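*Asks:* Have a look at the structure that comes next, please.
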Amino acid sequence: MPATTGLEGLGLDTGGHLLVEHALATLPPGDQLTVTGRDPALSIHLAAWCRAQGHRFDGGDPPVITKGQAGQQRWHGAVRAGEAAGPPRRSADPRWGLAARGALVEAGGPPIGAEWADRDHVWADIAPKLYAAAAAAQWDPATAADWSAPIALPAEVEHAVVQIMTYLVENEQAALIIPARLLSQIHPHFREVMQLLATQAADEARHVEVFTRRAMLSGGPLGTSGAGGRASLQTLLSEPDFTTASFLLSVLGEGTFVDLLRFLHRHAPDPVTADVTRLALRDEARHVAFGVAHTAHTARADPGYLGVLRQAVERRHAALLNTAGLGSEVFDALILLAAGSWEPQAISRGWQAVQLLQQTMDEGRRRRLAYIGFPAGEAAELSALHTRNFM
Ligand SMILES: [Fe+2]
Ligand SMILES: [Fe+2]
């Protein structure tokens, strides 16, 4: 006695095929299914459908069909793209392509051309948590600062703020391009890292916006862009290795920037400058946290990697040896900002504050380098080789 499915008035061309498939799913190949229904074209449509789906149409009234092998053959050789829940696999198969993590992947699709398919080259256990925190912490540049607050600073102080903002924007642009480039080459199996880098790029896009807006607030032209600073940033853009790029940008560069933003927030001469530096600082802390966690993860998995990172710092230092590093315009603007006026005593305080800032930056870099696994002496050496442009 064959199984039966009733379509009632439903045509096979108006959704009835779902009921037939549903009934066939419970049967082994070779079993028969009787299909009843009132649609006048049922038998004609069913015969055509069976040919297309690899089942046999046996005819009769009501019509009977025999389940074929094709459905099972299609999924022969299919594999799971890892597990949907839990940590990603150590190594992701390029043949999984764009399939969701945990999906059953039909054989024969196009492989993904991702550069990084090994977990240790991109991963940090903190990535899922950092992504969730980043998604929850997105802020609106239009309302996060009070753009209508009057700006009434002495002309020189305003000039210093504009110069610093101009410098920040070019650094933020480099910091936007790098995670965007890296995330496009990660195997999507490591989706939390992709997602985190996407929020990081979105963070940098906002930083570019708010620093530009603050620079434009007094209506004047923007400040200068030194060749040495741009050369320093350019070396970051061309770094081909994920871990090395993450190390140079996030551990050393953004790590140093965290101290710079804190300094700018503390010495901000107006509420908008205070707001935009505070907001950027909060985001940067996450970028640094991922860079440090990922680099430490890679160095733990392969202690030889510390040598690769060391060479990258030395290479960058050698490439920038004949450049000015931080432009004197930016350096002087930092002093003036901390001074607040042109009184010699104020300038002296400002100069000391910038000396202290550089010392704080150096201590921060050494601490992060030590966390990653560098012995204290080597951490101090590498910190001293870091670009004078800060990022
Ligand atoms: Fe930023
Ligand atoms: Fe950043």
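*Asks:* Hey, can you tell me all the residues within the range 230-252 that are under 17 Å from ASN389 (Cβ atoms) and of a type in the set (A, V, I, L, M, F, W, C)?
*Replies:* Answer for the range 230-252, where residues must be under 17 Å from ASN389 (Cβ atoms) and of a type in the set (A, V, I, L, M, F, W, C): ALA231, LEU233, LEU236, LEU237, ALA245, PHE247, LEU248, LEU249, VAL251, LEU252.
*Asks:* Could I ask something else about it? Sort out which residues of the range 22-52 are open to solvent by 60 Å² or more (accessible area, probe 1.4 Å) and free of Cβ contacts under 8 Å to residues at least 24 places away in the same chain, and write them in order of number.
*Replies:* Once the filter is applied, which keeps residues that are open to solvent by 60 Å² or more (accessible area, probe 1.4 Å) and free of Cβ contacts under 8 Å to residues at least 24 places away in the same chain, the range 22-52 yields HIS22, ALA25, THR26, PRO40, ILE44, ARG51, ALA52.
*Asks:* Just checking, how many residues over the range 151-194 are polar (S, T, N, Q) and more than 16 Å from ligand 2 (Cβ to nearest atom)?
*Replies:* First, pick out the residues of the range 151-194 that are polar (S, T, N, Q): 163, 166, 171, 173, 184-185.
From what is left, the residues that are more than 16 Å from ligand 2 (Cβ to nearest atom) are 163, 166, 184-185.
So the answer is 4.
*Asks:* What are the residues in the range 266-289 that are among the aliphatic types (A, V, I, L, M) and part of a helix (DSSP H, G or I), if any? Write out each step before concluding.
*Replies:* Just the residues of the range 266-289 that are among the aliphatic types (A, V, I, L, M), to begin with: 268, 272, 274, 276, 279-281, 285, 288-289.
Answer for the range 266-289, where residues must be among the aliphatic types (A, V, I, L, M) and part of a helix (DSSP H, G or I): VAL272, ALA274, VAL276, LEU279, ALA280, LEU281, ALA285, VAL288, ALA289.
*Asks:* Follow-up. Here's a check for you: in the range 95-121, which residue that is of a type in the set (D, E, K, R) and part of a helix (DSSP H, G or I) is nearest to ARG300 (Cα to Cα)?
*Replies:* Ranking the qualifying residues of the range 95-121, first place goes to ASP120.
*Asks:* Further question: Answer yes or no: is there a residue in the range 326-343 that is within 30 Å of the chain's Cα centre (by Cα) and closer than 25 Å to ILE151 by Cα.
*Replies:* Yes, the conditions are met somewhere in the range 326-343.
*Asks:* Now for a different question. Tally time: how many residues in the range 264-285 are away from ligand 2 (no atom under 16 Å from the Cβ) and touching a Ser or Thr at 6+ places or on another chain (Cβ under 8 Å)?
*Replies:* 1
*Asks:* Here's another thing I want to ask about it. So THR212 ticks every box in (1) among the β-branched types (Val, Ile, Thr); (2) within 30 Å of ALA84 (Cα to Cα); (3) open to solvent by 40 Å² or more (accessible area, probe 1.4 Å) but one. Which box is left unticked?
*Replies:* In the conditions (1) among the β-branched types (Val, Ile, Thr); (2) within 30 Å of ALA84 (Cα to Cα); (3) open to solvent by 40 Å² or more (accessible area, probe 1.4 Å), THR212 misses (2) alone.
*Asks:* Give the residues of the range 74-104 that are open to solvent by 40 Å² or more (accessible area, probe 1.4 Å) and either touching a Gly at 6+ places or on another chain (Cβ under 8 Å) or among the small types (Gly, Ala, Ser) (or both), sorted by residue number.
*Replies:* Across the range 74-104, the qualifying residues are GLY77, ARG80, GLU83, ALA84, ALA85, GLY86, ARG89, SER91, PRO94, ARG95, ALA100.
*Asks:* Residues in the range 327-335: is at least one closer than 23 Å to ALA205 by Cβ, among the aliphatic types (A, V, I, L, M), assigned to a helix (DSSP H, G or I) and open to solvent by 20 Å² or more (accessible area, probe 1.4 Å)?
*Replies:* No, the range 327-335 contains no residue that is closer than 23 Å to ALA205 by Cβ, among the aliphatic types (A, V, I, L, M), assigned to a helix (DSSP H, G or I) and open to solvent by 20 Å² or more (accessible area, probe 1.4 Å).
Residues are listed down the side, and each one gets a yes or a no for (1) open to solvent by less than 10 Å² (accessible area, probe 1.4 Å); (2) of a type in the set (Ser, Thr, Tyr); (3) farther than 19 Å from LYS129 by Cα:
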position: SER148; (1), (2), (3): no, yes, yes
position: ALA160; (1), (2), (3): yes, no, yes
position: MET165; (1), (2), (3): yes, no, yes
position: GLN173; (1), (2), (3): no, no, yes
position: ALA180; (1), (2), (3): no, no, yes
position: LEU183; (1), (2), (3): no, no, no
position: MET194; (1), (2), (3): no, no, no
position: ARG206; (1), (2), (3): no, no, yes
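*Asks:* Read through the list (1) open to solvent by 20 Å² or more (accessible area, probe 1.4 Å); (2) touching a residue at least 24 places away in the same chain (Cβ under 8 Å), then give the number of the only condition that ALA198 fails.
*Replies:* It is condition (2) that ALA198 fails.
*Asks:* To continue, here is another question. Mind listing just one residue for me: the one in the range 285-313 that is open to solvent by 70 Å² or more (accessible area, probe 1.4 Å) and of a type outside the set (Lys, Arg) and, of those, nearest to ASP241 (Cα to Cα)?
*Replies:* Within the range 285-313, the match that is nearest to ASP241 (Cα to Cα) is GLN311.
*Asks:* Give all pairs with beta carbons closer than 9 Å in which a residue from the range 96-123 that is over 11 Å from PHE190 (Cα atoms) meets a residue that is assigned to a loop (DSSP other than H, G, I, E, B) and acidic (Asp, Glu); count only pairs at least 6 apart in sequence or on separate chains.
*Replies:* Once the first residue is over 11 Å from PHE190 (Cα atoms) and sits in the range 96-123, its partners that are assigned to a loop (DSSP other than H, G, I, E, B) and acidic (Asp, Glu) give ALA99/GLU106; GLY102/GLU83; VAL105/ASP93; PRO111/ASP93.
The values are calculated or read from the model by the stated rules, or taken from the named source; none is laboratory data. All of these numbers come straight from a predicted model, not from anything done at the bench. Note that we place each Cβ from the backbone using ideal geometry, even for glycine, and neighbour counts take in every protein chain shown. Only protein heavy atoms, including side chains, enter the accessible area calculation; ligands, DNA and RNA are left aside. Shrake-Rupley method; radii C 1.70, N 1.55, O 1.52, S 1.80 Å.
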